[in-house]
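Nothing in this text is a laboratory measurement; each read-out follows from the coordinates by a stated rule. Everything numeric in this text was worked out from a predicted model, so none of it was measured. In this analysis, Cβ positions are derived from the backbone assuming ideal geometry, glycine residues included, and neighbour counts consider all displayed protein chains.
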Amino acid sequence: MAIGAIGLLTARLFILSKPLLANGGFFQAIGTKATYTLMALPPVLLTLGLAGVVWGLWAHEKWLREGRD
């Protein structure tokens, strides 16, 4: 669950810093392929982060149910 939260926070920080990078000419300097990779990174991190949080909550709930039996 913590890894999922870290993925969500990292994606959020990247999304917030993207305008600063674009204004500084960073994307022009790194090239087209790297720019496309960086554009695809936030959705991937958000998807994996959400999956990690959901899996962590599910595993914790399963662990609690097994402890009661």
Completion exercise
One can check that the equivalent ellipsoid of the chain, built from the alpha-carbon gyration tensor with semi-axes equal to the square roots of five times its eigenvalues, has lengths in Å, largest first, of 37, 10, 6
Handout entry: the chain, relative contact order in percent, only Cα pairs under 8 angstrom and at least six apart counted
Key = 60 percent
Practice task
Within the set of other residues whose C-beta is less than 15 Å from the C-beta of MET39, count the net charge using Lys and Arg as +1 and Asp and Glu as -1.
Solution key: +2
Handout entry: Fewest-first ranking of MET1, MET39, using other Cβ atoms within 10 Å as the exposure measure
Key = MET39, MET1
Exercise for the section: Could you line up LEU20, LEU50, LEU45 from fewest to most neighbouring Cβ atoms inside 10 Å? Expected result: LEU20, LEU50, LEU45
Practice task
Determine the dipole magnitude for the chain: charges of +1 sit on the beta-carbon of Lys and Arg, -1 on that of Asp and Glu, nothing else is charged, the reference point is the Cα centre, and the result goes in debye to the nearest 20.
Solution key: 160 debye
